[in-house]
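What follows is calculated from the coordinates using simple rules that are stated; it is not laboratory data. Fair warning: this is a prediction, and the values are worked out from it, not measured in the lab. Here Cβ is always computed from backbone atoms with ideal geometry, including for glycine, and neighbour counts include all displayed protein chains.
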Amino acid sequence: MPKSYIITLAIIVLILLSSCAKRNTEYQEEDWLTLRNVLPIVGNPLDIKIDDNYIYVAHDQGGMSRISRADYHIQWITEFWAEDGSQKVLGRIKKVAVVPEHNFMFLVDTEATDAIRVINTSDPDSLIYILDFIGGTSNVKDLDGFAITPVPFPQGTYKMVCAYCAAGSFKYDYYDGTIFNSNVFTISPGAAAGFKLTDNYIFIAAEQLGLYIYNRNDRHLIGNIHLSGEAQKVEVNNNIAYVAGRQSGLHIVDVSNPASPVLLSTFDTSGYATSLAVSGNKLALSSGGGGIYLFDVSIPSKPQLLQHLTSCGYTNTVKFMDNKLVVGARDQGILIYEIK
């Protein structure tokens, strides 16, 4: 057999093998995500929260919107009315959180003075502005609200929490519908971009410092782990922490022993990984100019990339909604994908 023929055959075999390896590690032929709805909005969808009835979107300069989950009708909101009849115009809305159990919504408005705005949502057709909470609210990078077991105090009973990362710290405030208690506790690891609360622990994505884990009862530091890149957001499921590491993509950390967290795997994404969501064994990650990644994380040490979408353009955030994926895309609005 001629030597040149053998060399040519060997090259063809190597190309085929390389092609197979690339496909197994980088993408799957199968489409897991099918675009079902494109909901145009005014502004840049920076944050999304979802309850049983609505999708809430922070639009930056465009105010905010509330989208019906039943028919995707969009209610665009640029102002609220207060109980005294005065008008409150929205400036730059960066974050949104809802407490549907008590019919309240929190908004981060960075126009002029950074403030957390409190909105009563009891009447779906007439949302009422209550107050601006100002003080320790500069540069809010993450925000959530949730109901709690009632906590009595002299003037009433606290029934919900507004928790957020601001000015490099994690802050946990009580609210009773009228009065804020901003002195419950503050944790300052040195940086704080995102958080996740479990029954026993507080997980903080601390940017260049990595992941920090605190005892939720006494707020003492239990453990931490340095991660490459800048930890932006964290989700926790079944003793596994999933961290969006900005320029370093996705980090998956075993936190079954919170005093000694262990890095299980890293997946380097294109763009900047800034937001993620977990549902069952699926993980979705928003990576800015890199689009959206969907993973199977059944084996946390070996995340399997199911699909990588770039047709959505630049993305800010992503959430699961039943068997759908809701994406905040800078240039296209709200994109809703059906998950296979």
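Data table
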| read-out | value |
| --- | --- |
| 12 Å Cα-Cα reach of Lys159 towards aspartates and glutamates, excluding residues that sit fewer than 8 places from it in its own chain | Glu101, Asp173, Asp176 |
| Estimated FRET transfer efficiency (Ser188, Trp81; beta-carbon r; R0 35 Å; 0.05) | 0.40 |
| Low-density loop positions, GluC sites (Glu not before Pro), the stretch 71-127 - DSSP coil, at most 16 other Cβ in 10 Å | Glu83, Glu101, Glu111 |
| Alpha carbon convex hull of the stretch 96-139, projected area averaged over orientations, nm² | 3.3 nm² |
| FRET efficiency estimate (nearest 0.05) - Cβ-Cβ, Asp71 to Ser138, R0 51 angstrom | 0.85 |
| Backbone HN-Hα couplings from phi across the stretch 259-267 [Karplus 6.51/-1.76/1.60, Hz, Gly and Pro as x] | 6, 9, x, 10, 6, 8, 6, 9, 10 |
| Cα shape, the stretch 190-309, gyration tensor, a/c 1.5 rule | prolate |
| Phi-based couplings in Hz for the stretch 235-245 (Karplus 6.51, -1.76, 1.60; Gly and Pro marked x) | 10, 10, 8, 6, 6, 10, 9, 10, 10, 7, x |
| Structure-based [θ]222 nm, the chain - -39500 (n - 2.57) summed over DSSP H runs of at least 4, per residue, nearest 500 | -2500 deg cm²/dmol |
| Cα Rg, Dmax (largest Cα-Cα span) when computed across the stretch 147-260, Å | 14.9, 48 |
| Cα-based reach from Lys141 at 22 Å (exclusive), listing lysines while leaving out same-chain residues under 8 positions away | Lys49, Lys94, Lys95, Lys171, Lys196, Lys233, Lys319 |
| Neighbourhood charge, 14 Å Cβ-Cβ cut-off, centred on Thr266 and excluding it, Lys, Arg +1 and Asp, Glu -1 | -1 |
| Relative contact order of the stretch 78-188, defined on C-alpha pairs under 8 angstrom at six or more residues apart (%) | 18 percent |
| Reachable aspartates and glutamates, given that their alpha-carbon falls under 15 Å from the alpha-carbon of Lys302 and they are not under 8 places away in the same chain | Glu26, Asp254, Asp268 |
| Exposure proxy ranking, count of Cβ atoms within 10 Å, fewest first, for Thr149, Thr137 | Thr149, Thr137 |
| Range of Cα positions in the stretch 94-193 per principal axis (Å), largest first | 39, 30, 19 |
| 0 to 90° range, to nearest 10: angle between helix 3-26 axis and the chain longest Cα axis | 20 degrees |
| Percentage relative contact order, the chain, counting C-alpha pairs under 8 Å, at least six apart | 13 percent |
| Of Ala191, Ala112, Ala277, the one that fluctuates the most in a GNM where the chain has Cα springs shorter than 10 Å | Ala112 |
| Computed Rg/Rh of the chain, alpha carbon atoms with Kirkwood Rh | 1.04 |
